[in-house]
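> First the structure, which I've put down as structure tokens, then a few questions once you've had a look.
The values are calculated or read from the model by the stated rules, or taken from the named source; none is laboratory data. These figures come from a predicted structure and were not determined experimentally. Because the Cβ atoms are built from the backbone with ideal geometry, glycine has one as well, and the counts that use them run over all protein chains shown.
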2 protein chains.
Amino acid sequence: MIIRSLLTDENPFNSSEELKEWILQRNKDVEVRIERIQFSDMKMWHKDPDGSLHHDTGRFFSIQGIDVATDYGNISNWRQPIINQPEVGYLGILTKEIDGILYCLMQAKIEPGNINSVQISPTLQATKSNYSRVHTGKAPRYLEYFVNAKPENIILDQLQSEQGARFLRKRNRNIIIKVTENIELHPDFRWMTLRQIKELMHCDNLVNMDTRTVLSGLKISDYMTPLDSLNGMSKFGKEMLLSSTTNHEYKSTIDHLSWLTNLKSKYDLRTTTCAVNNMPGWNSTDFEIAREDGKYFKIIGVNVTISNREVATWCQPLVQPMQDGLCAFIVKKIDGIYHFLIQAKLECGNFDILELAPTVQCLTGAVGKEAHEKPDFYDYVVNASKEQLIVDALQSEEGGRFYHEQNRNLIVEADESFPLNLPPRFTWMTLSQIYEFLRFNNYLNIQARSLISAIKFV
Amino acid sequence: MIIRSLLTDENPFNSSEELKEWILQRNKDVEVRIERIQFSDMKMWHKDPDGSLHHDTGRFFSIQGIDVATDYGNISNWRQPIINQPEVGYLGILTKEIDGILYCLMQAKIEPGNINSVQISPTLQATKSNYSRVHTGKAPRYLEYFVNAKPENIILDQLQSEQGARFLRKRNRNIIIKVTENIELHPDFRWMTLRQIKELMHCDNLVNMDTRTVLSGLKISDYMTPLDSLNGMSKFGKEMLLSSTTNHEYKSTIDHLSWLTNLKSKYDLRTTTCAVNNMPGWNSTDFEIAREDGKYFKIIGVNVTISNREVATWCQPLVQPMQDGLCAFIVKKIDGIYHFLIQAKLECGNFDILELAPTVQCLTGAVGKEAHEKPDFYDYVVNASKEQLIVDALQSEEGGRFYHEQNRNLIVEADESFPLNLPPRFTWMTLSQIYEFLRFNNYLNIQARSLISAIKFV
């Protein structure tokens, strides 16, 4: 049923064209006004004497300073603002099997920081503050199906990390459930096949980060049965299935575990909170918290007004990137099996020191011109020919926290001459090995998961 | 070669009797004098104004206060002292194959807190402070083999946690390497088969905690080949191999992951440092840091003098338990396959909220008399008949940090009538499923691993 969902775009509810049209129309219908305001003018928010920003209820999230000490990389000590949101939220997709095909109930969701206003999001996207109703608001739609899901209705249920450079050890519960009962279809929701969602993912900024992370955990090959016809699947799709089922690995999982144990033992990462007012290289005013050199990102305060069927307005801080980002996987066939070039990357907010990241993950604006100033493999991916690009799309980060943040997502096929020997923090993994790490907490970072979810099978 | 090591006690180097004799003799030869002293008299240690205890170099470990807030259990907020040792140390066993049998190079190691003085320990037991020579001391014996081990010589290499109630997120690198070169045998070292080590484990307090955690990661069934004869293996041993290779599970791993994700999302654990001088229920004097009600444990300062071939003396704090401990696994055959009754347990120093723990893990002195004051399954394991006890031995905790701490380790076979339905924090796992979690960081706690290592095959 999952394989058929992956191959089917003959959706009796909505054709792919209708879905695209629907999102575009929703984007036209809604007006999102973002007004930069002083932090002191943010209603329901306050600044503590140390410069950190908090919601008056003490919940949702805060912006605080952290002091980072590490022996990884060129800079051993720095301070920066970070989003602290210690609650585990739900990112949930409700699915239903209809005539042997799995349909996902997806939502057209407005987020203030989205570059467009509306993107395709999971059925449920709720922080604990949301669903325990810290607001006076109502419970989020479809919440009850997730809270009451029985083990036999759960397809996937994992704790997964968010951006380690921006969030302090943040994790969400990524969950896919399958229901059999009739589901009331609310106006902002549509049933989609996996193929349709993946096609929308190949357009810029249509499928939000939360959808991508939830779907990344779905190991397609687990659902392949002799009853499934693979007619219509592309050669690349079949080769991805092979990579996801094979035991022919360039390095064993024992080797990878040892490699990662060694790196986690080698590198220290110690973070402590510090005052936002006391971060060298950063200026904290009532208007923004920004670096003196204009690099990386800044914290701004906004007043959000959303005019739709009704008008909603609220204030919040947002993280605004100062530079574009790039996330790229290099893939290469080794003995006939696709392997992914994985990087072990330390980011200051990581739960467990290093996570498995794409081959290249960086802010392009921060990359220097000299070879030694560039991340490993940077030149290779930015100079890849069109024929080498398996995936190439701009993808947004979470619009509830980030303002107009988008990263170029690339999967690049390496040429024959690409070397098998790698620098110490890099390794080759089959898709099967990636999924083995992915099902346990805090191994694959969100940028890697986003790229994994973009793999197309048609 | 590992299977043969598991079945062989015909060690050409040392018979099992000789090994026992050797340890007993070592215990007689050495004199360990532990003298309780004031904290202010501890040479090379000092007390900070907040009451925390630190080594003058700032390294090794410190005793600090933590404030714990959690919605797990009956008490939602408390303060306690904890050992903070943020470095990752080595626990390493060097092995060598001789005539098709794997031999482990084990050490007779003196630790000040041991109930006896000398126990069997891994080849290498070294904190980063040790091996980066914060002391003026020499490098630990055999360190170079571990530092220079090539991937093909590594049998096992995992980061594993220590006691979550006593250590703040402490982890060690558990590593087994296999060498081919000739190894110089230093006086405190002996070659042992796995069978010999396991037999010593069934005596009280002969095999130290570090040995037990390292060996727990070795999934025996991975090394079974058609060339291995299982002659000499017990029926229980063969049934353990079956549990470790089977796919016939009472609950799938997807179910377990979802169960654990749900518990990790449900329970909050927030720890912050606090002053040792400001911990309600605790008294901090210059002589000890202890609870007013005399429960749990206290921190003492000692002067250690070890007289052997030469005399060594130093001061350090130790953790002294006030109550005996009990760690017990219930095992039960479900559809012919042994399953372990696993508990998800929150402890304040855990790296990731909850870890998988034995069925019962508690301080026996802290258990009340009323049914509701007792941990689940407590009565069942303490009232088990002799025939139900597969493992029953006293095992010591790490003598470098704990003073005379021992726990009763039990594996109890459930009777026919034992219920399959369990309370929410409990589940049934095959040994195969346990090993799947064990190879990734921070899933199995050290008490569970200690019991897994005690499984005998002969």
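> Determine which single condition A:Arg169 fails, assuming it passes every other condition in (1) surrounded by fewer than 23 Cβ atoms within 10 Å (Cβ to Cβ); (2) in a strand (DSSP E or B); (3) within 19 Å of the chain's Cα centre (by Cα).
Answer for A:Arg169: the failing condition is (2).
> Now a separate question. For B:Lys298, all conditions in the list (1) closer than 23 Å to B:Gln447 by Cβ; (2) touching a residue at least 40 places away in the same chain (Cβ under 8 Å) hold save one; what is the number of the exception?
Against the list (1) closer than 23 Å to B:Gln447 by Cβ; (2) touching a residue at least 40 places away in the same chain (Cβ under 8 Å), B:Lys298 comes up short only on (2).
> If only one of A:Leu269, A:Leu354 is under 20 Å from the mean Cα position of the chain (by Cα) and more than 25 Å from A:His404 (Cα to Cα), which one is it?
A:Leu354
> Can you pull out every residue in the stretch A:411-451 that is surrounded by fewer than 24 Cβ atoms within 10 Å (Cβ to Cβ), more than 14 Å from chain B (Cβ to nearest Cβ) and assigned to a loop (DSSP other than H, G, I, E, B)?
Correct list: A:Ala414, A:Asp415, A:Glu416, A:Ser417, A:Phe418, A:Pro419, A:Leu420, A:Pro423, A:Arg425.
> Within the stretch B:282-329, considering only strands (runs of 3 or more DSSP E) that don't extend past its boundaries, which have at least 1 residues that are within 23 Å of the chain's Cα centre (by Cα) and under 20 Å from B:Ile66 (Cα atoms)?
Details: elements: B:282-284, B:288-291, B:297-307, B:311-321.
The strands (runs of 3 or more DSSP E) meeting that bar are B:297-307, B:311-321.
> Considering each of B:Leu91, B:Leu6, B:Leu102 in turn, give the residue that is in contact with an Asp or Glu (Cβ under 7 Å, 6 or more places away or on another chain) and either surrounded by 17 or more Cβ atoms within 10 Å (Cβ to Cβ) or part of a helix (DSSP H, G or I) (or both).
B:Leu91
> Scanning the stretch B:168-197 for residues that are within 14 Å of chain A (Cβ to nearest Cβ) and basic (Lys, Arg), which turns out farthest from B:Glu347 (Cα to Cα)?
So the first thing to find is which residues in the stretch B:168-197 are within 14 Å of chain A (Cβ to nearest Cβ), and the list is B:168-178.
Within this subset, residues satisfying the condition of being basic (Lys, Arg) are B:169-171, B:173, B:178.
Working: B:Arg169: 10, B:Lys170: 12, B:Arg171: 14, B:Arg173: 21, B:Lys178: 35 Å.
By that ranking, first place goes to B:Lys178.
> Quick one: count up the residues across the stretch A:347-376 that are among the hydroxyl-bearing types (Ser, Thr, Tyr) and either surrounded by fewer than 22 Cβ atoms within 10 Å (Cβ to Cβ) or touching a Gly at 6+ places or on another chain (Cβ under 9 Å) (or both).
1
> Just to be sure before I move on: is B:Ser432 among the small types (Gly, Ala, Ser) and farther than 28 Å from B:Asn262 by Cα in the structure I sent?
no
> Within the bounds of the stretch A:124-137, is there any residue that is of a type outside the set (Val, Ile, Thr), modelled with pLDDT of 95 or more and out of contact with any Gly (no Cβ under 7 Å at 6 or more places or on another chain)?
No.
> I would also like to ask the following. Output the residue which, of all residues in the stretch A:322-343 that are under 30 Å from A:Gln25 (Cα atoms) and at pLDDT 95 or above, is surrounded by the fewest Cβ atoms within 10 Å (Cβ to Cβ).
It comes out as A:Leu326.
> Can I ask one more? For the stretch B:54-88, give me each residue that is assigned to a strand (DSSP E or B) and within 24 Å of the chain's Cα centre (by Cα). Break it down stepwise before answering.
Taking the stretch B:54-88 as the starting set, the residues that turn out to be assigned to a strand (DSSP E or B) are B:54-55, B:62-70, B:77-84.
Within the stretch B:54-88, B:Ser62, B:Ile63, B:Gln64, B:Gly65, B:Ile66, B:Val68, B:Gln80, B:Pro81, B:Ile82, B:Ile83, B:Asn84 qualify.
> Condition first: more than 18 Å from B:Ile75 (Cβ to Cβ), hydroxyl-bearing (Ser, Thr, Tyr) and within 14 Å of chain A (Cβ to nearest Cβ). Now tell me which residues in the stretch B:260-309 satisfy that.
B:Thr261, B:Ser265, B:Thr273
Per-residue answers, yes or no, for (1) polar (S, T, N, Q); (2) closer than 28 Å to B:Glu199 by Cα; (3) in contact with a helix residue (DSSP H, G or I) (Cβ under 6 Å, 6 or more places away or on another chain); (4) at pLDDT 95 or above:
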{"residue": "B:Phe351", "(1), (2), (3), (4)": "no, no, no, no"}
{"residue": "B:Glu373", "(1), (2), (3), (4)": "no, no, no, no"}
{"residue": "B:Glu387", "(1), (2), (3), (4)": "no, yes, no, yes"}
{"residue": "B:Pro419", "(1), (2), (3), (4)": "no, no, no, yes"}
{"residue": "B:Arg425", "(1), (2), (3), (4)": "no, no, no, yes"}
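> Can A:Leu263 be described as farther than 30 Å from B:Ile177 by Cβ, surrounded by fewer than 20 Cβ atoms within 10 Å (Cβ to Cβ) and in contact with a strand residue (DSSP E or B) (Cβ under 9 Å, 6 or more places away or on another chain)?
Against the criterion (farther than 30 Å from B:Ile177 by Cβ, surrounded by fewer than 20 Cβ atoms within 10 Å (Cβ to Cβ) and in contact with a strand residue (DSSP E or B) (Cβ under 9 Å, 6 or more places away or on another chain)), A:Leu263 does not qualify.
> Among the strands (runs of 3 or more DSSP E) lying completely within the stretch B:114-166, list those that include at least 1 residues that are among the acidic types (Asp, Glu) and within 27 Å of B:Trp314 (Cβ to Cβ).
Numbers: elements: B:118-121, B:124-126, B:154-161.
Hits in the stretch B:114-166: none.
> Scan the stretch B:119-167 residue by residue and report those that are in contact with a Pro (Cβ under 8 Å, 6 or more places away or on another chain) and within 30 Å of B:Tyr296 (Cα to Cα). Full working, then the answer.
To start, the set of residues in the stretch B:119-167 that are in contact with a Pro (Cβ under 8 Å, 6 or more places away or on another chain) comprises B:124-126, B:130-131.
Selection gives B:Gln125, B:Ala126, B:Asn130.
> Can I ask one more? Kindly indicate whether any position in the stretch A:250-259 is assigned to a helix (DSSP H, G or I), away from chain B (no Cβ under 14 Å) and in contact with a strand residue (DSSP E or B) (Cβ under 9 Å, 6 or more places away or on another chain). Break it down into steps so the answer makes sense when it comes.
Taking the stretch A:250-259 and keeping what is assigned to a helix (DSSP H, G or I), we get A:253-259.
Going one step further and asking which of them are away from chain B (no Cβ under 14 Å), we end up with none.
No - not one qualifying residue is present in the stretch A:250-259.
> What single numbered condition from (1) within 14 Å of chain B (Cβ to nearest Cβ); (2) touching a Gly at 6+ places or on another chain (Cβ under 8 Å) fails to hold for A:His404?
A:His404 satisfies every listed condition except (1).
> Please name all residue pairs, on different chains or six or more residues apart, with Cβ atoms under 8 Å, provided the first residue is in the stretch A:344-371 and is within 14 Å of chain B (Cβ to nearest Cβ) and assigned to a strand (DSSP E or B) and the second residue is crowded, with 17+ Cβ neighbours inside 10 Å and acidic (Asp, Glu).
So the pair list comes out as A:Ala344/A:Glu355; A:Glu355/A:Glu347.
> Just checking, which of A:Asp255, A:Asp268, A:Asp286 is loosely packed, with under 13 Cβ neighbours inside 10 Å and either modelled with pLDDT of 95 or more or more than 30 Å from A:Ile455 (Cα to Cα) (or both)?
Result: A:Asp286 is the single residue among A:Asp255, A:Asp268, A:Asp286 that is loosely packed, with under 13 Cβ neighbours inside 10 Å and either modelled with pLDDT of 95 or more or more than 30 Å from A:Ile455 (Cα to Cα) (or both).
> Take the residues in the stretch B:60-71 that are touching an Asp or Glu at 6+ places or on another chain (Cβ under 8 Å) and either more than 21 Å from B:Ile300 (Cβ to Cβ) or of a type in the set (Asp, Glu) (or both); name whichever of them is surrounded by the fewest Cβ atoms within 10 Å (Cβ to Cβ).
B:Asp71
> May I ask you to verify whether B:Ser221 is surrounded by 15 or more Cβ atoms within 10 Å (Cβ to Cβ) and at pLDDT 95 or above? I'd like the intermediate steps shown before the answer.
Working: surrounded by 15 or more Cβ atoms within 10 Å (Cβ to Cβ): yes; at pLDDT 95 or above: no.
The answer is no for B:Ser221.
> Among the numbered conditions (1) within 18 Å of B:Trp191 (Cβ to Cβ); (2) among the acidic types (Asp, Glu); (3) within 14 Å of chain A (Cβ to nearest Cβ), tell me where B:Glu87 comes up short.
Against the list (1) within 18 Å of B:Trp191 (Cβ to Cβ); (2) among the acidic types (Asp, Glu); (3) within 14 Å of chain A (Cβ to nearest Cβ), B:Glu87 comes up short only on (1).
> Let me ask another. Anything in the stretch A:149-167 that is within 12 Å of another protein chain (Cβ to nearest Cβ) and more than 21 Å from A:Glu436 (Cβ to Cβ)? List them, or say none.
Scanning the stretch A:149-167 gives A:Ala149, A:Lys150, A:Pro151, A:Glu152, A:Asn153.
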